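Visitor: Mind looking over this structure? Questions follow.
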Amino acid sequence: VGMYRFLQRLWRNLIDEDTGECTVVDGELDDEADIDLIRQLHRTIDTVRTEMDELRFNTAIAKLIELNNAVTKLDATPREVAEPMVLMAAPLVPHLAEELWRKLGHDDTITYVDFPVADPALLVDDTIEVPVQVNGKVRGRIDVAADAEAAVIEATALADDRIAAIVDGATPKKVIVVPGRMVNIVL
């Protein structure tokens, strides 16, 4: 039943159920929410390609479902996301993908279209969330640049409101920073 619902949702994201017309919109994606969607698209492309190469179809389908759920929250599906999504679904559901490809306005078959390629620049996060421990217990989380140095991460952790309240003006005996992983403050 889950796969059937996924395919129904995929169809409804691209085609109006009442008229049978394509509801995909053309245009450039440029605001912050759109950038997150494009990042998710490229991560999905990367994961689906890897999983299909390794014959792990269940995890490839799971990533497609996640992307489709993100698209469901939009008012209209952008073509920039719709076409790669249909291309990624094609090896798994070829007849549905072929029908959607035609509805998207293509006269040629989807069979000979190249699989989408992920942009490596969009696979890397700009910021990461780092847990902050005080005496070995996680007391908060901070967002820092992915390439932030240890000193910047330490300063950000100590400046955090929750952590500052716990430290309460005391001078830490030791601050252990593992960049990109965690901060541990020993009082």
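The values are calculated or read from the model by the stated rules, or taken from the named source; none is laboratory data. These numbers come from a predicted model, not from an experiment. All Cβ positions, glycine included, derive from the backbone under ideal geometry; neighbour counts span all protein chains shown. To get the accessible areas, we keep the full protein, side chains included, count just its heavy atoms, and leave off ligands, DNA and RNA. Shrake-Rupley method; radii C 1.70, N 1.55, O 1.52, S 1.80 Å.
Visitor: On the accessible surface of region 120-175, probed at 1.4 Å, how many percent belong to carbon and sulfur atoms?
Guide: Working: 1780 of 3670 Å².
C and S fraction of accessible area: 49 percent.
Visitor: Report ³J(HN,Hα) in whole Hz for each residue of region 113-128, in order, from the Karplus equation J = 6.51 cos²θ - 1.76 cosθ + 1.60 where θ = phi - 60°; Gly and Pro get x.
Guide: Using θ = phi - 60°, the values come out as 7, 5, 5, x, 10, 6, 7, x, 5, 8, 8, 9, 6, 7, 10, 10 Hz.
Visitor: Given a 1.4 angstrom probe, what's the average accessible area per residue across region 135-187, in square angstrom? Walk me through the numbers on the way to the answer.
Guide: Numbers: 3460 Å² over 53 residues.
I get 65 Å² per residue for region 135-187.
Visitor: Under unit Cβ charges (Lys, Arg +1; Asp, Glu -1), what dipole magnitude, rounded to 20 debye, does the chain have relative to its Cα centre? Walk me through the numbers on the way to the answer.
Guide: On the way: 19 positive and 35 negative charges, 270 e Å.
Its charge dipole is roughly 1300 debye.
Visitor: While we're here: Against the globular-protein guess of 2.2 N^0.38 Å, express the Cα radius of gyration of the chain as a ratio, rounded to two decimals. Could you put the intermediate results ahead of the total?
Guide: Working: Rg = 22.2 Å, N = 187, 2.2 N^0.38 = 16.1 Å.
Scaled against compact globular proteins, the figure is 1.38.
Visitor: Moving on. Once every DSSP H run of n ≥ 4 in the chain is given -39500 (n - 2.57) and the sum is divided by its residues, what mean residue ellipticity at 222 nm do you get, rounded to the nearest 500 deg cm²/dmol? Mind showing how you got there, number by number?
Guide: On the way: 7 runs with 89 residues, N = 187.
The helix contribution divided over the chain gives -15000 deg cm²/dmol.
Visitor: Output ³J(HN,Hα) for region 50-65: one whole-Hz value per residue in order, computed from phi by the Karplus curve 6.51 cos²θ - 1.76 cosθ + 1.60 with θ = phi - 60°, and x for Gly and Pro.
Guide: 5, 5, 5, 4, 8, 6, 9, 5, 4, 6, 5, 5, 4, 5, 5, 5
Visitor: Follow-up question, since we're still on this one. Can you give me the long-range amide H partners of residue 25? Hydrogens built in the peptide plane at 1.01 Å from N, cutoff under 5 Å, separation of 5 or more residues or another chain.
Guide: Those qualifying (amide H under 5 Å, at least 5 residues apart or on another chain) are 77, 79.
Visitor: Same structure, new question: If the elastic network links every pair of Cα atoms under 10 Å, which of 132, 81, 124 fluctuates the most in the Gaussian network model of the chain?
Guide: Among 132, 81, 124, the largest GNM mean-square fluctuation belongs to 132.
Visitor: Using each residue's phi in region 166-172, evaluate 6.51 cos²θ - 1.76 cosθ + 1.60 at θ = phi - 60° and report the 3J(HN,Hα) Karplus result to the nearest Hz, with x for Gly and Pro.
Guide: 6, 5, 6, x, 5, 8, x
Visitor: Counting only DSSP beta bridges with both residues in the chain, what percent are antiparallel, rounded to the nearest 5? The partial results should precede the final answer.
Guide: Working: 14 of 18 bridges.
Roughly 80 percent of the beta bridges in the chain run antiparallel, per DSSP.
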